[in-house]
Structure formats: structure tokens, C-alpha cells
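Chemist: Below are the C-alpha cells for one structure; questions will follow.
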Amino acid sequence: MFEIQLFGRLEVRTRGISLSGDDFGGERPRHLLALLALRGERSLVDLAYLVGVPAVTLKDDLAVLRDRLEPGVRSRDSVIAGRRNRLFLVPERVRVDVATFDELIAAAAGRTAERAARPLTAAAYVAARPLLEDVDTPWAAEARGEYRAKLVMSAQPIRS
């Protein structure tokens, strides 16, 4: 299982190892992973645009990222899968903290204040640090604002 942390610095934990910073093979492979973990399945064209490189270069970055995540594993067996020029993380092999956050916020929705307190407290704990604090791009800034708003809105008083 790959545990991907997007709140704070991008970090991946798997099989007793932890990857962060330059461990992903550079800024572009790191951004590629962050985008897939944050936004789910995307086309190569969309990802190339967001990362700011031609699709051919993105394919090279993908090869580097796959090798850093799973050295020696063939691309068809990688945690980063692709089909019809679209890439995605294999859901059965990945757990992402933003998905956990979203699930906790959804679990609190519509509950009384008393029943919502536990999932909201857990969501606030997950989001204790800014989203992708080590990524300085427009898409990361937009995502930070989106998740900050989710956290603020979830803290609004719930009517019993």
C-alpha cells in the first residue's frame, strides 16, 4: 500500500520506506504524482499542460517517477496505471490523505454538532498543515484554497 500525504510536504510511505523532496526524481515527477493523487485520473495532455512541459517530456518524467516509486517494476505493473492516454493511481494500492479528509467531512455532513465533532476533529488533524506546502504552482495554490475553504466551512456551527 502506498500512503500519500499531500497535507504538508508531499510524502509517500510504502513498505517501510519514505520518499519526499528530490526522492521523486525532480520537481516535475513530484508534481505529476501530486496531481494524480489530488485530482485522480487525468489525460496526458492535461497533465503536461499543468506541469508545463510537452507530453513527450511528461512521459520521460513518468518513467523516472515510476522507477523511484517502485524500482525494477515494469510500467504495466506500476501503481501509476495508464489507458487511452490517461494516467491514474491504482485505487486498491493507494491511500491519499486528501481522500481521507474528504471522507471525514462527508461523514460529518448533516449530523448534529455532537455526532459531527469526532469526524471534524479527525479532518482538522489530517489537514493540520497546508496542502502541498512545498509546491509553488497555480494549481497547488488553487487546491490549497479549496481545501482551506472546506476546512473552514466544516467548522461552521451545525444546527441540532
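The values are calculated or read from the model by the stated rules, or taken from the named source; none is laboratory data. Model, not experiment: these values are computed from the prediction. Cβ: placed from backbone, ideal geometry, glycine included. Neighbour counts: every protein chain shown.
Chemist: Filter region 81-113 for residues that are among the charged types (D, E, K, R) and either under 27 Å from T14 (Cβ atoms) or modelled with pLDDT of 90 or more (or both) and give the result.
Modeler: Selection gives R83, R84, R86, E92, R93, R95, D97, D102, E103.
Chemist: Can you report the number of residues in region 104-141 which are among the charged types (D, E, K, R) and crowded, with 17+ Cβ neighbours inside 10 Å?
Modeler: 0
Chemist: Okay, next question. Tell me, yes or no, whether region 87-96 has at least one residue that is assigned to a helix (DSSP H, G or I), without any contact (Cβ under 8 Å) to a residue 60 or more places away in the chain and within 14 Å of the chain's Cα centre (by Cα).
Modeler: Checked region 87-96: at least one residue is assigned to a helix (DSSP H, G or I), without any contact (Cβ under 8 Å) to a residue 60 or more places away in the chain and within 14 Å of the chain's Cα centre (by Cα).
Chemist: Among the residues in region 6-19, are any within 19 Å of E92 (Cβ to Cβ), assigned to a loop (DSSP other than H, G, I, E, B) and of a type in the set (K, R)?
Modeler: yes
Chemist: Next question. State which residue pairs qualify: first residue on the phi < 0 side of the Ramachandran plot and inside region 51-65, second residue in a helix (DSSP H, G or I) and among the acidic types (D, E) in any location, beta carbons under 6 Å apart, and separation of 6 or more residues or different chains.
Modeler: none
Chemist: Just wondering, is there one or more residues in region 73-94 that are touching a Phe, Trp or Tyr at 6+ places or on another chain (Cβ under 8 Å), β-branched (V, I, T) and closer than 22 Å to Y147 by Cα?
Modeler: Yes, region 73-94 contains at least one residue that is touching a Phe, Trp or Tyr at 6+ places or on another chain (Cβ under 8 Å), β-branched (V, I, T) and closer than 22 Å to Y147 by Cα.
Chemist: Is it the case that A116 is within 23 Å of R13 (Cβ to Cβ) and not in a loop (DSSP other than H, G, I, E, B)?
Modeler: No: the conditions fail for A116.
Chemist: Further question on the same structure: Which one is surrounded by the most Cβ atoms within 10 Å (Cβ to Cβ) among residues in region 34-68 that are over 17 Å from the mean Cα position of the chain (by Cα) and in a loop (DSSP other than H, G, I, E, B)?
Modeler: Here the answer is V53.
Chemist: While we're on this one: Looking only at residues that are among the small types (G, A, S) and at pLDDT 95 or above in region 128-144, which one is farthest from L33 (Cα to Cα)?
Modeler: A141
Chemist: Separate question: For the condition under 21 Å from L6 (Cα atoms) and outside the structural domain of P130 (by TED's automatic domain parsing), what is the one hit in D60, D77, D46? Working first, answer last.
Modeler: Values: D60 fails: under 21 Å from L6 (Cα atoms); D77 fails: under 21 Å from L6 (Cα atoms).
On inspection, the qualifying residue turns out to be D46.
Chemist: Residues of region 33-47 being among the hydrophobic types (A, V, I, L, M, F, W, C), free of Cβ contacts under 8 Å to residues at least 60 places away in the same chain and touching a strand residue (DSSP E or B) at 6+ places or on another chain (Cβ under 8 Å), which ones? Show your work before the answer.
Modeler: First pass over region 33-47, keeping only residues among the hydrophobic types (A, V, I, L, M, F, W, C): 33-38, 44-45, 47.
Checking which are free of Cβ contacts under 8 Å to residues at least 60 places away in the same chain leaves us with 33, 36, 44-45, 47.
Matches in region 33-47: L33, L36, L44, L47.
Chemist: Something else about it: Going by what's in this entry, would F101 be described as among the aromatic types (F, W, Y), part of a helix (DSSP H, G or I), surrounded by 12 or more Cβ atoms within 10 Å (Cβ to Cβ) and touching a residue at least 12 places away in the same chain (Cβ under 8 Å)?
Modeler: Yes; evaluated as a whole, the condition is true for this residue.
Chemist: Determine, yes or no, whether F101 is assigned by TED's automatic domain parsing to the domain that holds G145 and of a type in the set (F, W, Y).
Modeler: Yes; evaluated as a whole, the condition is true for this residue.
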